[in-house]
Structure formats: C-alpha cells, structure tokens
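A quick write-up on the structure given underneath.
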Amino acid sequence: MIHVGLDIGYAYLKVSGNGGNWIQPAVVGDENVNAYETGEKINSVSIEGKTWFIGDSAIDQSTTHHYSLEDDKTNLVSTQILAIAGLAYICNPGDNHLNIATGLPYTYAREQKEKLKCILREIHGKNVTITVDGAQKNCTLYIDNLATFIQGQGIIADYLLDDTGVIQNAELTNLEYLIADIGELTVNYLSFRGTKLIANQSSTSQNGIGKVNRVIAERKKIDHFRANMRIRMGKLDATSELKEQAKRITEEINEKSEHDKYLLAGGGADAIGHWVLPENNNKEILQNSQMSQAFGYEKLAKLTWRNVKTG
C-alpha cells in the first residue's frame, strides 16, 4: 500500500509518495517518433498501447500539445494522463495499491471534485509503462482509496504535520494562518486556525504568476511555458511585471482580516514571495514551496488511511 500526494497544477504536475517525488510541466504531447532519433532521453507514458510524451519532452519534442489554463481541468484529456504518469513514477514495478490524496482550488472544489474523482477512479487496473531519463518501468495501478481536499489544506498539513501525519507542535495549532498559494493561474487564499479551515476568510483570485508569463510570451512570440522557463533561468527580465503582480497579491492579502502568520507557497512564492507583504515580519516563504502541496497531501493520505489495510 502506497500513500500518494498528487497535485495537478495548471503549470506543473507534482507527486510525492513511496519515498520519492517528481515535478514536471503539466503538458502532455502526442508521440513524435522522430524525437527518438535526436539522442535525447524522452519522458513518456504508454497506456493501453498509446504513448504520450510528458512535461519537458512534450514541450520540446511533440508537435501537438495538450494543456490548459482554463478554470476547469477536469474536462481535459491531459489531466488523467498526467495523473497516470505521476502515479507510475512513484510506484514500484508490478502491482501497486494506492491511497491517493489530491485537491482543487477553493472556489472550484465543490463543483469539480466528483468529476476529478471519476477521472482518477478510471485509472484503477490500468497497466502502464513509464520512461523517465532513459529508465523504463512497467506497473499496474490499483486505486484503493481516494480523497480530494481544498488546495491549501495540503500546505498547512505539510507545515504542521510530521512525515507520519501527526501534529509536530501542538502550540502551533492555536495560531491563525493565511496561506497564499501562488500558482500559474490562481492564487488560493486559505485561512486556518491550526488545521481548521476558516471559510469566510478564504477565496481564490485569478492573479497567478502566469499573467506575467503570458505577457512576456506574447511580447517575445514564444509559448508561455518557454517564457516561464526563461524568466526562471534569468534569460528574460520580467522584474517590473513580477513586482506589479506581487503588489496585487499584497493588496488582496491586506483585504483579509489580520492573521498570526502568513505562509507563502506554490511555484510563484519562489519567484515573487520576497516582494509580497514586504514589511510584514510574520511572513514566511515555505521551503520547497512548489512541492509543499504534494508533500502535505501525502501526509493527509497517511493520516486519513493510517489504519486501513489494502492489497
């Protein structure tokens, strides 16, 4: 039995479990057989006789790409393929029985969670071949248990729980936290008292860092994934645009009631977190901020199914 944290973001797939973790751009591409002649190591997943390129390999080698920045990811063919790839990556060869914790943005969770569960349940029993960095593995995925959470619950779980899913420091559960989960499309603001969600102070905005990527992409006439990569590598200067985005997020946070601690997470926290709430001494940019959600989902899976025996 493997406890898995699965975070399918608008820009990146993140998965944690079985002692490993993986992050890839949330892009699926059709197989391009000519790419095998380049000498590059192709990341791919084969499902029931069809092969798909995943992540960086899809961006660089596929002629057709599947990804979206639309609100509802549950309508996309890429969502299930990315989930299969992430699960196969952390699984062992052969049969694998999985307890999966995943999540959706606060504003969309109620409407989309049943559709997401259906997509993931369809994976049950699928035989998969995954190739990553030249290493190939065959495995069969059995979904024994599945739970959806609100994005941000994974982050607070990663912050407060140890690796077995137990509270690390009971005193920290008395504090009120505001999480700003800065993603590609959205920023999820989640208010917590300890691990308890405070709904009337929680919301989702459309001020994700991807706005900057799309502006730069249009200006440079490149796709937004390459724009994102070049900005992160320092090859494109987007300092003024990133500062403006941080200012918008700061304004949104300041509209909330005061909290004891402000936790900045998500891929955007690394890029603009130091400009968000610049004068607030109670701000913390989480370590491994981009993976924190997946790490927390894995801890929630361990907590939820601690006494469940499967397989």
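Peptides 98-109, 283-294, ordered by how many other C-beta atoms sit within 10 Å of their residues on average, highest first, read 98-109, 283-294. Using the beta-carbon distance between ASP95 and LYS50 and R0 = 25 Å, what value does 1/(1 + (r/R0)^6) give for FRET efficiency, to the nearest 0.05? Here the calculated transfer efficiency is 0.70. Taking the average, over residues, of other Cβ atoms within 10 Å as the packing measure, peptides 48-57, 250-259 rank 48-57, 250-259 from highest down. Legend: P(r) of the chain from all alpha carbon pair distances, 20 Å bins from 0, whole percents, reading 34, 57, 9.
Among 204-211, 158-165, sorting by the average number of other beta carbon atoms lying within 10 angstrom of each residue, highest first, gives 204-211, 158-165. Here r is the Cβ-Cβ distance between ASN280 and HIS124 and R0 is 51 Å; the resulting FRET efficiency, rounded to 0.05, is 0.65.
Distance from the alpha carbon centroid of segment 1-66 to that of segment 108-175 works out to 18 angstrom.
If you take the beta carbon distance between THR140 and GLU176 as r and set R0 to 41 Å, what does 1/(1 + (r/R0)^6) give as a FRET efficiency, to the nearest 0.05? According to the calculation, E is roughly 0.40. With neighbour counts taken as other beta-carbon atoms within 10 Å, the residues CYS118, CYS91 rank, fewest first, as CYS118, CYS91. Normalised by 2.2 N^0.38 Å, where N is the number of residues, the alpha-carbon radius of gyration of segment 178-311 equals 1.18. Pairs over the 27 Å Cα-Cα cut-off, from the set LYS117/LYS256; LYS211/LYS299; LYS196/LYS302; LYS115/LYS220; LYS247/LYS302: LYS117/LYS256; LYS211/LYS299; LYS115/LYS220; LYS247/LYS302.
Look at VAL212, VAL77 and count the other Cβ atoms within 10 Å of each Cβ; fewest to most, that gives VAL77, VAL212.
The relative contact order of segment 170-287 comes to 28 percent, based on Cα pairs under 8 Å that sit 6 or more residues apart.
Read-outs: derived from the displayed coordinates by stated rules, not from any lab. For clarity, every value in this text was computed on a predicted model and none was experimentally measured. Backbone-built Cβ (ideal geometry, glycine too); neighbour counts: all protein chains shown.
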